[in-house]
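The values are calculated or read from the model by the stated rules, or taken from the named source; none is laboratory data. Predicted, not measured: the structure shown is a model, and the values here were computed from it. Here Cβ is always computed from backbone atoms with ideal geometry, including for glycine, and neighbour counts include all displayed protein chains. Only protein heavy atoms, including side chains, enter the accessible area calculation; ligands, DNA and RNA are left aside. Shrake-Rupley method; radii C 1.70, N 1.55, O 1.52, S 1.80 Å.
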Amino acid sequence: MDFRFTLEQEQFRESVKRFAQKNLAKGARERAHSPEYPFDVARLMAKQGLLGITIAEADGGQGGTLIDAVIAIETVAAVCPRSADVVQAGNFGPIRVVAEYGTKGQKEKYLKKLLAGESVISVGMTEPEAGSAVTDLQTTATPEGQGFRINGSKIFTTHAQYAELMLVYVRFGPGLDGIGSVLVETKGQGVRFGKPSKFMSEEEWVQTYFENAFVPAEMVVLKEGGFKKQIAGFNVERIGNTARSLALGRYAYERAREWAMQRKQFGKLLCEFQGLQWKFAEMKIKLDAGQLLLYRAAANADKGFPSADETAIAKAFCNQAGFDVANEALQVMGGLGYSQEELVEYCLRRCRGWMIAGGSIEILKNRIAEGVFERSFSQRSARG
Ligand SMILES: Cc1cc2nc3c(=O)[nH]c(=O)nc-3n(C[C@H](O)[C@H](O)[C@H](O)COP(=O)(O)OP(=O)(O)OC[C@H]3O[C@@H](n4cnc5c(N)ncnc54)[C@H](O)[C@@H]3O)c2cc1C
């Protein structure tokens, strides 16, 4: 066992660092406070080979490993936290599911533009009545002619209004086995966005309504019975979420560390107070522990999908650690940490959301407990 990066990984990290410092350091604060999807950053990253890192070269990607993509997220976030979302969207999210399960036609039509940073794809799973209980989703795909009519709605979808394409979880029939997914062009007929709203992080979200929207049969990604495959792909998204939680926690920690070494009160540097030293020791322990769990899940996945259990453990730990560390870092920086002059408060707000998004900490712990006791525990009431 070796806990160090390989020479190739080190070189990759250095190249991403140089790219980020040159292109992303300037404007990092403005980007964090802008709700729009940063397509300019996406185009730059595409040129640098930072989109499609884990996607096969035959599909236009880089043919790398999941740990490479994690290195990219961490290194970008250390310079510009908001730009880490572009690494997420271009590597970990529905783009990976399309690359893995999509047809040749779907890949030819959509992947090229996505990998060039010209467009972005969202994933619509959550519905008003199906959050944690995602298999309760009610959006239907009803056969008609050479395709399907889609009816239903999705909420909280990241980047919904900036994405030309949405990977929509739908119900072809009843029960778990009735769930699959289709690609929907969001500018198409029968697709409507509701009133824009904002998360605490300032990211915008809108409810998306599908009102008899027609999708041709060739837009089906996974037919009924595809839910398990879909969730296997979604574990990649969870690794990206995990990596960003930890990376933004680390960003806040680094800012607080620098501050503690220059700010004086009572005639002493902040880092000379033991009460604050112990905070930093705790932060460091959490970051290092989270890093190991994240790297285990990502490294073991290699070029495939990560293990559900290792992903759940890493995500539950890092979501909490990222938030706790950002919170303590903010405290150490006092009024400045709480101010929008610094990105520490932004990191705190973003980390808070990841404790809910992509499988909440509680839902992940349910899964971990099933592994502990080697049995499943139904979360449903006897009647439903
Ligand atoms: C920042 C952000 C981005 C998101 N992006 C997307 C996206 O791109 N696409 C998408 O489809 N969705 C997205 N979501 C939605 C997200 O997946 C859901 O919010 C999440 O699954 C929880 O569903 P819910 O909000 O309906 O909460 P609920 O399911 O109503 O849960 C409420 C609370 O109860 C807890 N809980 C529920 N059931 C159990 C149980 N059995 N045991 C213990 N605790 C339980 C939950 O953990 C939570 O704390 C996003 C959410 C956020 C916050």
Restrict the search to the stretch 342-381; then list the trypsin sites (Lys or Arg not before Pro) that DSSP places in a loop and that have at most 10 other Cβ atoms within 10 Å of their Cβ. Arg375, Arg380
Taking each pair of different alpha-carbon atoms in the stretch 129-181 once, compute 1/r for the pair, average those values, and report the inverse of that mean as the Kirkwood hydrodynamic radius in Å to one decimal. 12.0
Percent of Cα-Cα pairs per 20 Å bin, from 0 to the last occupied bin, for the chain, please list those. 28, 57, 14, 1
Based on the mean of other beta carbon atoms within 10 Å per residue, what is the order of 131-142, 152-163, 63-74, most packed first? 63-74, 152-163, 131-142
I want the antiparallel fraction of DSSP beta bridges within the chain, as a percent rounded to 5. 85
Given a cut-off of 25 Å, name the pairs among Lys17/Lys154; Lys228/Lys365; Lys109/Lys187; Lys104/Lys228; Lys22/Lys198 whose C-alpha atoms lie farther apart than that in the structure shown. Lys17/Lys154; Lys22/Lys198
For the chain, with the dipole built from +1 on Lys and Arg beta-carbon atoms and -1 on Asp and Glu ones, taken about the Cα centre, which of Phe156, Asn212, Phe234 lies farthest toward the positive end? Phe156
Rounded to a whole %, the carbon-and-sulfur portion of the accessible area of the chain at a 1.4 Å probe is 52
Using only the alpha-carbon atoms, what does the stretch 285-377 span along each of its principal axes? Please give whole angstrom values in decreasing order. 48, 30, 22
Which of the listed residues, Gly52, Gln11, Thr65, is farthest toward the dipole's positive end in the stretch 1-159, when Lys, Arg count +1 and Asp, Glu count -1 at the beta-carbon? Gln11
What list of whole percents do you get for P(r) of the stretch 214-275, with Cα-Cα distances grouped in 5 Å bins up to the one holding the largest distance? 4, 13, 12, 11, 10, 8, 8, 7, 6, 6, 5, 5, 4, 2, 0
Might you report the magnitude of the Cβ-based charge dipole of the chain about its Cα centre, with Lys and Arg at +1 and Asp and Glu at -1, to the nearest 20 debye? 440
Among Gly226, Gly175, Gly102: highest mean-square fluctuation, GNM of the chain, C-alpha pairs under 10 Å: Gly175
Given 338-347, 34-43, 86-95, the highest-first ranking by average Cβ count within 10 Å works out to 86-95, 338-347, 34-43
If R₀ is 45 angstrom, what is the calculated FRET efficiency for the pair Phe266 and Glu30, using the beta carbon separation as r and rounding to 0.05? 0.80
For Val123, distant residues with modelled amide H under 5 Å away: Thr158, Leu167
May I ask you to list the aspartates and glutamates whose Cα is less than 19 Å away from that of Lys279, ignoring any residue fewer than eight positions away on the same chain? Glu254, Glu258, Asp288, Asp324, Glu328, Glu345
Accessible area per residue of the chain at 1.4 Å probe, in Å²? 47
Quick check on the chain: helices-only [θ] at 222 nm, where DSSP H runs of length 4 and up contribute -39,500 (n - 2.57) each and the sum goes over total residues. Nearest 500, please. -15000 deg cm²/dmol
Quick one: which residues, 5+ away or cross-chain, put their amide H under 5 Å from the amide H of Val191? H built at 1.01 Å from N. Glu211
Total charge dipole magnitude, the stretch 210-298, about the Cα centre, Cβ charges on Lys, Arg, Asp, Glu only, Debye to nearest 20: 480
Projected-area average for the stretch 95-248 over all orientations - Cα convex hull basis, square nanometres: 9.2
Could you put Met125, Met166 in order of accessible surface area, largest first, with the 1.4 Å probe and the full protein assembly present? Met125, Met166
